[in-house]
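The structure appears right after this line, and notes come after that.
The values are calculated or read from the model by the stated rules, or taken from the named source; none is laboratory data. In this text, all values refer to a predicted model and were calculated from it rather than measured experimentally. Note: ideal-geometry Cβ built from the backbone for every residue, glycine included; neighbour counts use all protein chains shown.
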Amino acid sequence: MPRFFIDDMPSGEYLLCGEAGRHGAKVLRLRPGEAVTLCSGRGTDYSCTVRENTGEELLLDVGEAVPSRGEPGTRVTVCQCIPKGDKLETVVQKSVELGAYEIWPIESRYCVSRWDDKSRGKKLARLQKIALEAAMQSGRGIVPKVLEPAGLGLALNKACSEGDALFLYERAVKGLRGCITNTGDRLFLFIGPEGGFSEEEAALAKECGARTVSLGPRILRTETAPLAALAAIFYEKGDMEL
């Protein structure tokens, strides 16, 4: 069923306009009587029916409001050290599909890619659009935010003050599964760049209160590690149950 995020709390009838309205009217060619879902972006879904397609907009009859089923009970911020090329786009798209609450690009010692002030805004806008499209496709109740890039130290301090921080480190002696059971419902997941984290960065993570954890004996690519970890976390927390 087509899904559109809106900023309003609709009732009675609703005119879906702008980019979303044009997409529904011209690309999807939705016809009167067809069902669509509007989402407030705050965890509420509205079951709607198309009354009229004007060619540019959709006039909808708004039905029942229900809690979004696509939101996990565990809020996970993916703190992804900035990788090369378009890998961050993959991380954003797939992390949103899996249920991430936020994606936070992080600058660490071995990051090859660095964002300059000139390209920062454009890159963030592109990633946020990817997050929106992934949220629509996967039935999310919110559109996860892509935050402004930050240094590793700042991110670790914020994470450890607001929740539990899991720092994926290839030399860690504890596995992810054993750590998940002792965490709350607010997590920050730190993933290194292609070159991984340095020993000094791992020491800093421990000093800040993060838990260094391993994903096992296989070395995963930087764009694979957050997805494997998210799936494991949501499975262990029961957020993959119907």
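Taking the stretch 190-228 as the range and being more than 12 Å from Tyr169 (Cβ to Cβ) and of a type in the set (A, V, I, L, M) as the test, the residues that pass are Leu220, Leu227, Ala228. When Thr37, Thr74 are screened for being more than 25 Å from Asp7 (Cβ to Cβ) and either crowded, with 16+ Cβ neighbours inside 10 Å or not assigned by TED's automatic domain parsing to the domain that holds Lys26 (or both), only Thr74 passes. Only one entry in Leu127, Leu132, Leu60 is within 22 Å of Thr222 (Cβ to Cβ) and of a type in the set (A, V, I, L, M), namely Leu127. Using the structure shown, decide if Ile191 is modelled with pLDDT of 95 or more and either outside the structural domain of Gln80 (by TED's automatic domain parsing) or buried (at least 17 other Cβ atoms within 10 Å of the Cβ) (or both). Spelling it out, Ile191 is indeed modelled with pLDDT of 95 or more and either outside the structural domain of Gln80 (by TED's automatic domain parsing) or buried (at least 17 other Cβ atoms within 10 Å of the Cβ) (or both).
Of the residues making up the stretch 138-186, those that are within 23 Å of Arg42 (Cα to Cα), surrounded by 20 or more Cβ atoms within 10 Å (Cβ to Cβ) and not hydrophobic (A, V, I, L, M, F, W, C) are Arg140, Pro144. With the structure loaded, tell me whether Glu102 is surrounded by 16 or more Cβ atoms within 10 Å (Cβ to Cβ), out of contact with any strand residue (DSSP E or B) (no Cβ under 6 Å at 6 or more places or on another chain) and acidic (Asp, Glu) or whether it fails that test. Here the answer is no, as Glu102 does not meet what is asked.
Filtering the stretch 54-99 to residues that are of a type in the set (S, T, N, Q), free of Cβ contacts under 8 Å to residues at least 60 places away in the same chain and in contact with a strand residue (DSSP E or B) (Cβ under 8 Å, 6 or more places away or on another chain) leaves nothing. Might you check whether a residue that is surrounded by fewer than 19 Cβ atoms within 10 Å (Cβ to Cβ), modelled with pLDDT of 95 or more and either under 25 Å from Ser214 (Cβ atoms) or not assigned by TED's automatic domain parsing to the domain that holds Ala228 (or both) occurs anywhere in the stretch 115-129? No; the residues of the stretch 115-129 include none that is surrounded by fewer than 19 Cβ atoms within 10 Å (Cβ to Cβ), modelled with pLDDT of 95 or more and either under 25 Å from Ser214 (Cβ atoms) or not assigned by TED's automatic domain parsing to the domain that holds Ala228 (or both).
Name every residue in the stretch 187-242 that is in a helix (DSSP H, G or I) and of a type in the set (D, E, K, R), in order of residue number.
So in the stretch 187-242, the residues in a helix (DSSP H, G or I) come out as 199-208, 225-236.
Result: Glu199, Glu200, Glu201, Lys206, Glu207, Glu236.
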